[in-house]
Amino acid sequence: MAAARAAAEITSWGPAWLIGGPLIMLTVVLHVLGLGATRAAHRFAMGRRAHLIRNQVLNFAVIMSLITFMVTLLHILQAAIWATTYILVGAATTGHQAMLYSLSAITSYGHAEVFLDARWQMLGAIEALNGVILIGLSTAFLFAMIQQSWQNHPR
């Protein structure tokens with residue numbers, strides 16, 4: 001009896017995976033494209049030697065701040081995609097609730113007092129998995145951009 005109940009519970013996760021799996025792929029593709037565009041903009045600026053600030057440390061800080069801002073915007077876009085999905089499937093009732101839940105899940109913050117409809121709680125866990133992947137990509141990208149920026153500046 002317990003095994004049958006467990007099997008029924010696991011199969012009830014199907015809709016969440018049918019929606020969450022493609023959302024993971026979509027957000028990863030958008031993230032990689034956004035990181036690529038950010039890298040291209042950085043290379044263009046560095047190739048033109050568009051140093052508006054002569055102080056190396058300040059120039060580095062400004063460049064990395066802008067790159068980090070762009071990466072942050074990517075994460076907000078992806079959270080908005082998840083939030084929109086929560087509204088469309090009926091997991092959340094308002095845009096504010098959906099976005100707050102999404103940002104909490106995608107960052108693994110998890111302290112927002114907002115909950116998805118019980119049927120869609122697995123979808124929230126899938127978003128948290130997606131967030132770990134996206135944050136890993138962002139961390140690797142930012143590390144590479146720091147290295148590249150340091151290499152482009154004479155010491």
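I'd like to verify a number: residues in region 37-66 that are farther than 23 Å from S138 by Cα and at pLDDT 70 or above, how many?
The number of residues fulfilling the criteria is 3.
Quick test for you: out of V29, V71, pick the one residue that is within 13 Å of the chain's Cα centre (by Cα), loosely packed, with under 14 Cβ neighbours inside 10 Å and within 15 Å of I135 (Cα to Cα). Spell out how you get there, then give the answer.
Details: V71 fails: loosely packed, with under 14 Cβ neighbours inside 10 Å.
Checking each option against the conditions leaves just V29.
Applying the selection to region 123-155, what residues are farther than 14 Å from V71 by Cβ and either of a type in the set (K, R) or buried (at least 20 other Cβ atoms within 10 Å of the Cβ) (or both)?
Those that are farther than 14 Å from V71 by Cβ and either of a type in the set (K, R) or buried (at least 20 other Cβ atoms within 10 Å of the Cβ) (or both): L123, G124, I126, E127, N130, R155.
So that you can scan it fast, the table gives a plain yes or no per residue for (1) outside any helix (DSSP H, G or I); (2) touching a His at 6+ places or on another chain (Cβ under 9 Å):
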site	(1), (2)
Y101	no, no
A105	no, no
Y109	yes, no
A125	no, no
L129	no, no
L134	no, yes
T139	no, no
L142	no, no
I146	no, no
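Can you tell me which residue within region 111-123, out of those that are of a type outside the set (D, E) and not in a helix (DSSP H, G or I), is nearest to Q97 (Cα to Cα)? Before the answer, list the steps.
Step one: filter region 111-123 for residues of a type outside the set (D, E), giving 111-112, 114-116, 118-123.
The next check asks that each one be not in a helix (DSSP H, G or I); those that pass are 111-112, 114-116.
Details: H111: 13, A112: 10, V114: 7, F115: 8, L116: 9 Å.
In this case the residue turns out to be V114.
Being without any contact (Cβ under 8 Å) to a residue 12 or more places away in the chain and over 21 Å from A16 (Cα atoms) is true for just one of T72, T94. Which residue is that?
Details: T94 fails: over 21 Å from A16 (Cα atoms).
Within the list T72, T94, the selection yields T72.
If you scan region 110-155, which residues turn out to be under 16 Å from Y86 (Cβ atoms) and aromatic (F, W, Y)?
Those that are under 16 Å from Y86 (Cβ atoms) and aromatic (F, W, Y): F115, W120.
In the set A112, A98, which member is under 18 Å from the mean Cα position of the chain (by Cα), on the phi < 0 side of the Ramachandran plot, among the hydrophobic types (A, V, I, L, M, F, W, C) and at pLDDT below 95? Working first, answer last.
Numbers: A98 fails: at pLDDT below 95.
One residue alone meets the criteria, A112.
Looking only at region 115-155, which residues are among the acidic types (D, E) and at pLDDT below 95?
Step one: filter region 115-155 for residues among the acidic types (D, E), giving 117, 127.
Within region 115-155, just D117 meets the criteria.
How do the pairs read when you match residues in region 103-115 that are over 18 Å from V71 (Cβ atoms) with residues anywhere that are at pLDDT below 90 and surrounded by 13 or more Cβ atoms within 10 Å (Cβ to Cβ), using Cβ under 7 Å and keeping only pairs 6 or more apart or on different chains?
The qualifying pairs are S104/A112.
Which numbered condition trips up S65, out of (1) polar (S, T, N, Q); (2) in a helix (DSSP H, G or I); (3) under 20 Å from G21 (Cβ atoms)?
(3)
The values are calculated or read from the model by the stated rules, or taken from the named source; none is laboratory data. As the structure is a prediction and not an experimental result, all values here were calculated from the model. With ideal geometry, Cβ positions are generated from the backbone for all residues, glycine too; neighbour counts draw on all protein chains shown.
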